[in-house]
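*Asks:* The following block contains the structure, expressed as structure tokens.
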Amino acid sequence: MEEAPERYRRERDRLARALKRLRLDNGLTGTNAAERAGMSQPKISRIENGATVPTTEDIETLGRVYGADRETVAELLELAESLHRHTENARAILRGGAWRKQQQIGRVEKEAKRLRFFQPATVSGLLQTPDFTREIYGLSVSGDDLDRSMAALAERQKIFRDRSKRFTFVLTEAALRWRLCTDEVMEAQVRHIAALARRPNVRIGIIPFTARVREVPLHGFEAFDERLVTVGLETATITITDARDIQYYVRLFAELEKSAAFGEAAETIFDWIASGY
């Protein structure tokens with residue numbers, strides 16, 4: 001079976017070649033195409049070299065400029081949308097070393113200024129205590145890979161020291177009541193979250209069971225500025241870069257925030273949950 005990175009490169013190059021061929025068939029230079037599409041010439045070049053995956057809006061615009069038929073545009077749109085939803089199989093991640101994935105996420109976090117995290121059933125990685133992390137990671141990795149994965153997460157958690165970044169986490173009450181660990185570990189985890197929420201650049205909200213909610217999120221997700229979203233599923237991790245999909249998740253997060261308690265109200269709930277362990 002073809003590995004996901006190789007398939008991604010192959011399909012990206014296929015899209016780039018198709019757009020370049022359409023331009024050349026119309027006798028347009030890169031500069032001509034840029035002027036008619038309202039884009040810069042370097043952007044046209046990056047798209048045709050495969051350095052930039054065009055948005056669906058870019059495809060529609062270039063399709064009109066190049067006079068492409070509806071069927072061709074539909075095919076290119078489908079290809080672009082799939083490229084903006086890059087999927088990594090969980091088995092492939094584990095084969096390459098789970099710690100490598102932690103390092104990859106860490107690089108994305110360092111580039112972002114505003115980071116949003118939603119988790120309905122577990123604790124976000126950046127908020128985890130070492131004991132909680134060991135239980136989570138221990139479900140799928142062991143030995144040296146477990147140690148390296150934990151070390152990579154601990155390195156990621158140093159990002160809280162960067163005051164230029166703003167972090168917002170939304171958790172459900174269920175995420176803090178799922179007894180994955182011993183009562184002692186769970187209590188320490190909840191109190192650790194409460195302590196992190198006091199940092200000036202960190203907001204942590206909790207949606208209690210009693211809250212009125214107007215959304216039904218089917219999975220957790222993380223949004224980095226408004227340029228990238230990651231979704232963790234049981235068998236895969238999906239990376240989304242399509243602008244319209246990102247805006248959907250940004251709006252969803254804003255709705256979830258409305259149902260969450262923050263500040264002193266959240267601290268009261270954290271203390272109440274921790275005291276129950």
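Here, each number is a calculation from the coordinates, and none is a lab measurement. Model, not experiment: these values are computed from the prediction. In this analysis, Cβ positions are derived from the backbone assuming ideal geometry, glycine residues included, and neighbour counts consider all displayed protein chains.
*Asks:* How large is the helix-only mean residue ellipticity at 222 nm for the chain, computed as the sum of -39500 (n - 2.57) over DSSP H runs with n ≥ 4, divided by its residue count, in deg cm²/dmol to the nearest 500? If you can, show how the numbers build up before the last one.
*Replies:* Values: 13 runs with 155 residues, N = 277.
It lands at -17500 deg cm²/dmol.
*Asks:* Give the percent of DSSP beta bridges with both residues in the chain that are antiparallel, rounded to the nearest 5.
*Replies:* Working: 17 of 29 bridges.
The answer is about 60 percent antiparallel.
*Asks:* Rank the residues Met39, Met186, Met150 as a footprinting-exposure proxy: fewest other Cβ atoms within 10 Å of their Cβ go first.
*Replies:* So the residues, fewest neighbours to most, are Met39, Met150, Met186.
*Asks:* Now for a separate question. Using alpha carbons only, how many degrees (0 to 90, rounded to 10) separate the axis of helix 243-259 from the longest principal axis of the chain?
*Replies:* 20
*Asks:* Moving on to the next point. Where a Cα-Cα gap under 26 Å defines reach, which lysines qualify for Lys158, not counting those fewer than 8 residues away within the same chain?
*Replies:* Here the lysines satisfying the reach criterion relative to Lys158 are Lys101, Lys110, Lys113.
*Asks:* Which lysines, if any, have their Cα less than 18 Å from the Cα of Lys20, not counting same-chain residues under 8 positions apart?
*Replies:* List returned: Lys43.
*Asks:* With percent of Cα pairs over 30 Å apart in mind, check (i) 40; (ii) 29; (iii) 50 and report the label derived from this structure.
*Replies:* Of the listed options (i) 40; (ii) 29; (iii) 50, (i) comes from this structure.
*Asks:* If the cut-off is a Cα-Cα distance under 12 Å, which aspartates and glutamates reach Lys165, setting aside same-chain residues fewer than 8 apart in sequence?
*Replies:* Once the sequence-local aspartates and glutamates are set aside, what remains near Lys165 is Glu109, Glu111, Asp225.
*Asks:* Order of Tyr137, Tyr8, Tyr248 from fewest to most other C-beta atoms within 10 Å?
*Replies:* Fewest-to-most ranking of Tyr137, Tyr8, Tyr248: Tyr248, Tyr8, Tyr137.
*Asks:* Which value does Rg/Rh take for segment 4-83 over its C-alpha atoms, Rh per Kirkwood?
*Replies:* Rg divided by Rh gives 0.94.
*Asks:* Based only on other Cβ atoms within 10 Å, what is the fewest-to-most ordering of Val170, Val141, Val250?
*Replies:* So the residues, fewest neighbours to most, are Val250, Val141, Val170.
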